[in-house]
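Have a look at the structure below, then the notes.
The values are calculated or read from the model by the stated rules, or taken from the named source; none is laboratory data. All of these numbers come straight from a predicted model, not from anything done at the bench. Note that we place each Cβ from the backbone using ideal geometry, even for glycine, and neighbour counts take in every protein chain shown.
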Amino acid sequence: MIEHHSPSIVSLTEIAAATLIDADLQIVADAINEGKRYKIPQHISPYSKIFNELTVNDGLVMRGKRICIPSALQTRVIELAHEGHQGEIRTKQLLRSCVWFPDMDKQVQKFVKDCAACLVSQSTKTRTPLVMSKMPEKAWTELSMDFYTFPDFTELLVIMDDFSRFPVVVPTQSTAFKFVKEKLSDVLSTFGVPVVIRTDNGPPFNGKDFAAFAGRMGFKHRKVTYAWPEANGEAERFMRTLSKIFRTASATGVDWMVQVNDFLRNYRLTPHPATGLPPSELLFGRLPSSRLPHLRQHDGDYKRRIQEAADKRRRVQEHYLQVGDKVFRRKEAKLLNKTPPFYEEEAYVVTNVNGSAITARNSRHTVTCNSSFFRKVPVVCKPALDCFDIAPEEEDVPVPPCPYEAPPPIAGRRRNRGRIAVAPHSSAPRQRNVPVRLRNDFVLNF
Ligand SMILES: [Zn+2]
């Protein structure tokens, strides 16, 4: 049995006290107070590299908003960030959000590599991942829900807020509606009723009881059959971590629910790659206290970051497909070879657009997929001409729709010849620079 060690919390007072007796940090603090970077000796040169970001505040050396941790407390801070055995990357992300010290990444890497509980819990295959879908614009309006079965047949009801990526994990006796209803009611009374809950089509979500429950609570129940690869990968990673928890718990002899909670606490505080912010902050608008040392965010700062995260998500979900558009559909992963064509030969016509869920039909099938599966069929000017793909940002430019002279070749267009048009994206319109040899011909005075 591997020994389970729960580190004690690191308070700001303790950091200040340890800073006071840390010889290196005292040299750094003096150099900061005097504004003399050259006073930092070679053996602690990492401080010298970030000298402009450093300040001294209430006995703490700060790098921006992050606290510089004295060497005596570094291991304990890493232990706290690794509680619940998040992987190396997420442990680093969580630490970077609140603290800094020289060689932090290397130390985390070594710590996680040497973590016995992690070592004996290397991941194996897990069941079907939680199906997540398009990105909503507000927190707790759209949720994805699924079960995860621990190897001892304990069922976990896993609920994820699609916006903030805040996960809720509740053990249930079985997947029978009776138990699920009880647990879900609990969650909805704590966090509120969302607009939509998405599940797969398995029991108990496919029964009448669940539909009646949705009607009574007032959320729309969507059974999702289409996949959204990016989000699915993410959900799969989450589920894989849950299965790792089960193994670390049995290896360390700790009650697995204690470990699930340790893991969830850190997961919710770790900036999420999809949003750049911790799930807790996106859902509640504030960061709950954690066992890690943390300084409070300034109000304006986090509101701005939340706004930026929301803008980022909106950009991600943008597509420009409309009913009537002709589109090609990407082949299913199992039919894909390494060589083109990656798309089905027969085009589809879009018949319905519901957010990022696109329904399209051709002579053989009607399909509903995420917009990322479709590419608009390029507009062909005239079959005999040297046709080219129309770059999406140019579609709105008022140029004659069918020029009788093919335009001069432009590198980007020639590359695309014969291929499917690139997907509409949100990048800025292409800038065309005037060649140097022509610039002197024009004198512009503004
Ligand atoms: Zn570990």
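Key figures
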read-out: Hits in the stretch 352-377 (condition: loosely packed, with under 15 Cβ neighbours inside 10 Å, over 16 Å from R222 (Cβ atoms) and modelled with pLDDT of 85 or more); value: R361, S363, R364, T366
read-out: Positions within the stretch 141-175 being outside any loop (DSSP other than H, G, I, E, B) and polar (S, T, N, Q), in sequence order; value: S144, T149, T172
read-out: Residue list for the stretch 54-110, restricted to those being β-branched (V, I, T), crowded, with 23+ Cβ neighbours inside 10 Å and more than 16 Å from the ligand (Cβ to nearest atom); value: V61, I67, I69, V99
read-out: Qualifying helices (runs of 4 or more DSSP H) (wholly inside the stretch 1-87; at least 1 residues being hydrophobic (A, V, I, L, M, F, W, C)); value: 12-20, 23-34, 71-81
read-out: Verdict on L321 being within 30 Å of V168 (Cβ to Cβ) and modelled with pLDDT of 60 or more; value: no
read-out: Yes/no for K134 being away from the ligand (no atom under 16 Å from the Cβ), of a type in the set (K, R), within 20 Å of the chain's Cα centre (by Cα) and modelled with pLDDT under 80; value: yes
read-out: Single condition V158 does not satisfy, out of (1) buried (at least 19 other Cβ atoms within 10 Å of the Cβ); (2) at pLDDT 90 or above; value: (2)
read-out: Residue list for the stretch 244-265, filter: more than 11 Å from the ligand (Cβ to nearest atom) and of a type in the set (S, T, N, Q); value: S250, N261
read-out: Qualifying residue in the stretch 50-68 (condition: among the charged types (D, E, K, R) and more than 30 Å from the chain's Cα centre (by Cα)); value: yes
read-out: Of all residues in the stretch 176-222 being part of a loop (DSSP other than H, G, I, E, B), within 28 Å of the chain's Cα centre (by Cα) and hydrophobic (A, V, I, L, M, F, W, C), the one that is nearest to D146 (Cα to Cα); value: F205
read-out: Selection from the stretch 223-239 of residues that are modelled with pLDDT under 70, in a loop (DSSP other than H, G, I, E, B) and surrounded by 13 or more Cβ atoms within 10 Å (Cβ to Cβ); value: Y226, A227, W228
